[in-house]
Amino acid sequence: MSAKTATQPARAQAATARPDTGARTAEAAGVINDARERIDDLDGRIIGLVQERMAVSAVIQRERIASGGRRVNLSREMEILGHYRDQLGKPGTALAMTLLELCRGRV
């Protein structure tokens with residue numbers, strides 16, 4: 001077995017254990033890894049909140065339909081779009097549209 005072959009598994013293992021941060025120092029890599037862990041945690045919480053929003057939206061839709069109303073309330077959707085745009089700028093509108101699409105379910 002050549003030395004090159006022996007180091008390949010070690011490199012693959014290192015790449016799996018420590019993703020490249022692009023940092024030039026160990027200290028910076030540590031900060032980046034800690035921040036990435038925080039982002040992963042935040043993403044998990046965001047996904048959970050989106051799922052909760054979808055469930056609440058389903059309740060509203062069921063009640064609206066059961067009472068003879070429409071499934072989607074366009075004026076309410078415009079209000080939500082405006083709120084996200086005001087808080088996050090133009091990209092907020094795209095985010096709000098994605099949330100609305102997720103929460104509408106099958107139309």
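Considering the conditions (1) outside any helix (DSSP H, G or I); (2) out of contact with any helix residue (DSSP H, G or I) (no Cβ under 9 Å at 6 or more places or on another chain); (3) of a type outside the set (A, V, I, L, M), Glu63 is excluded by exactly one of them, (1). Looking across Val50, Val72, one residue alone is under 30 Å from Pro19 (Cβ atoms), surrounded by 10 or more Cβ atoms within 10 Å (Cβ to Cβ) and touching a helix residue (DSSP H, G or I) at 6+ places or on another chain (Cβ under 8 Å). It is Val50. Of all residues in segment 46-71, those that are aliphatic (A, V, I, L, M) have Cβ atoms under 6 Å from Cβ atoms of residues that are surrounded by 13 or more Cβ atoms within 10 Å (Cβ to Cβ), 6 or more apart or on another chain, in Met54/Leu102; Met54/Cys103; Ile65/Arg71. Out of the residues in segment 29-47 that are farther than 19 Å from Leu102 by Cβ and small (Gly, Ala, Ser), which is surrounded by the most Cβ atoms within 10 Å (Cβ to Cβ)? Looking at the filtered set, the residue picked out is Ala29. Restricting attention to segment 80-104, the residues that are in contact (Cβ under 8 Å) with a residue 12 or more places away in the chain and over 12 Å from Arg53 (Cβ atoms) add up to 5. Can you find a residue that is surrounded by 13 or more Cβ atoms within 10 Å (Cβ to Cβ) and of a type in the set (Asp, Glu) anywhere in segment 75-82? Looking for residues that are surrounded by 13 or more Cβ atoms within 10 Å (Cβ to Cβ) and of a type in the set (Asp, Glu), one finds at least one in segment 75-82, hence yes.
Throughout, read-outs are computed from the coordinates displayed, never taken from laboratory work. All values reported here derive from a predicted model rather than from experimental measurement. Methodologically, a virtual Cβ is constructed for each residue, glycine included, from the backbone with ideal geometry; neighbour enumeration extends over all protein chains shown.
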